[in-house]
Amino acid sequence: MTQDGGNPLRDLEEQLEQSDLRYVRGLEAGRPRRPREYRRGPAWALLVLSVAMLVTGLVLPQGLILAAGLVTAGATAHLFAPPQDPAGHRPRLP
């Protein structure tokens with residue numbers, strides 16, 4: 001128990017509601033969603049865009065589009081890495 005007499009589970013629940021409301025609503029409905037840290041939808045969309053830029057840069061002799069595709073693909077790579085906790089350890093994916 002905490003020293004101020006509060007309920008630590010309630011505090012944790014309030015913090016979770018503030019950070020990811022869609023995840024909490026999914027749990028309440030019995031259809032849990034992945035937490036926000038593990039959703040990869042935008043990363044896949046950005047990767048498709050970067051591959052399209054790479055192909056366009058190769059088909060048309062455009063070095064700038066090709067370079068932009070390479071930079072975008074490199075920037076997208078970090079979105080696929082699992083999140084780290086403050087201690088630097090990576091949690092296991094479910």
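The values are calculated or read from the model by the stated rules, or taken from the named source; none is laboratory data. A quick note: this is a predicted structure, and the numbers were derived from the prediction, not measured. So basically every Cβ, Gly included, is an ideal-geometry build from the backbone, and we count neighbours across all protein chains shown.
Laid out as a table, the results:
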| quantity | calculated |
| --- | --- |
| Residues of the stretch 74-94 classified as of a type in the set (A, V, I, L, M, F, W, C), at pLDDT 80 or above and more than 12 Å from the chain's Cα centre (by Cα), total | 1 |
| Contacts under 8 angstrom Cβ, first residue in the stretch 50-64 being within 17 Å of residue 74 (Cα to Cα), partner exposed (fewer than 10 other Cβ atoms within 10 Å of the Cβ), 6 or more apart | 57/63; 57/64 |
| Filter pass, residue 29 being at pLDDT 90 or above, surrounded by fewer than 13 Cβ atoms within 10 Å (Cβ to Cβ), out of contact with any helix residue (DSSP H, G or I) (no Cβ under 9 Å at 6 or more places or on another chain) and of a type in the set (Gly, Ala, Ser) | no |
| Members of the stretch 48-73 found to be under 21 Å from the mean Cα position of the chain (by Cα) and modelled with pLDDT under 90, listed by number | none |
